[in-house]
Amino acid sequence: MELWDIYDRNRNKTGKIIQRGERMLEGEFHLIVHIWIKNSNNEFLIQQRSEKVKNPLVWCTTGGSAVSGEDSFTAALREAKEELGIDLTNEKGYLFEEGIYEEDNQQYISDTYLYFIDLDPSQLKLQTEEVKQAKFEKMSVIKQMMEDGELFIYDYLDELEKAKLK
């Protein structure tokens, strides 16, 4: 059972906790994180969702919901470790983008992190319940995959492509 803290539009915890899948009221938000990894070849790590999860076989970046008690940074570290087997604790990265979204009957606060790491995707320890495979791709390929409906829609890819280590 996964529990989520509920936030207001201003990112303040309301004190309410719900179980994943429970309906939120208008003005209630839960926190999600995305983690992008960029290598020195200017490629980004993407992963294909497993057949066992919602939106099976769609490509995306690493991420998920923060569980109750987590801040977004802690959630990002946990998701990278769970899904890819990567410990980002001592890696170079930063909070790249913050957003608030209300779409498809979902309301969520989204924090996107960008890390700069050279790694071999074949060395990743994928959580096979959630991730089928992972690979690095150039942004032009990622954008085409998004246009073709093979990859989730991200509205900040142009800025992400230009991003440098701070």
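The values are calculated or read from the model by the stated rules, or taken from the named source; none is laboratory data. This structure is a prediction, so every number in the text was calculated from the model and none was measured. Here the Cβ is made from the backbone with ideal geometry for all residues, glycine too, and neighbour counts use every protein chain on show. Side chains are part of the model used for accessible areas, which takes the heavy atoms of the whole protein and leaves out ligands, DNA and RNA. Shrake-Rupley method; radii C 1.70, N 1.55, O 1.52, S 1.80 Å.
Mind checking which residues of region 125-149 are assigned to a loop (DSSP other than H, G, I, E, B) and closer than 15 Å to Thr62 by Cα? Once the filter is applied, which keeps residues that are assigned to a loop (DSSP other than H, G, I, E, B) and closer than 15 Å to Thr62 by Cα, region 125-149 yields Lys125, Leu126, Gln127, Thr128, Glu129, Glu130.
Would region 155-164 turn up any residue that is open to solvent by 20 Å² or more (accessible area, probe 1.4 Å) and within 14 Å of the chain's Cα centre (by Cα)? Yes, some residue in region 155-164 is open to solvent by 20 Å² or more (accessible area, probe 1.4 Å) and within 14 Å of the chain's Cα centre (by Cα).
Considering Thr62, Thr128, which residue is under 20 Å from Leu165 (Cβ atoms) and either β-branched (Val, Ile, Thr) or at pLDDT below 95 (or both)? Being under 20 Å from Leu165 (Cβ atoms) and either β-branched (Val, Ile, Thr) or at pLDDT below 95 (or both) holds for just one of Thr62, Thr128, which is Thr62. Scanning region 3-40 for residues that are in contact with a strand residue (DSSP E or B) (Cβ under 7 Å, 6 or more places away or on another chain), at pLDDT 95 or above and loosely packed, with under 12 Cβ neighbours inside 10 Å returns a single hit, Gln19. Within region 1-43, the set of residues being in contact (Cβ under 8 Å) with a residue 12 or more places away in the chain and among the aliphatic types (A, V, I, L, M) comprises Met1, Leu3, Ile6, Ile17, Ile18, Met24, Leu31, Ile32, Val33, Ile35, Ile37.
Among the residues of region 67-115, those that are open to solvent by 60 Å² or more (accessible area, probe 1.4 Å), charged (D, E, K, R) and in a loop (DSSP other than H, G, I, E, B) comprise Asp71, Asp87, Glu91, Asp104.
For region 42-57, filtered to residues that are of a type in the set (Lys, Arg) and modelled with pLDDT under 95, the residue that is surrounded by the fewest Cβ atoms within 10 Å (Cβ to Cβ) is Lys54.
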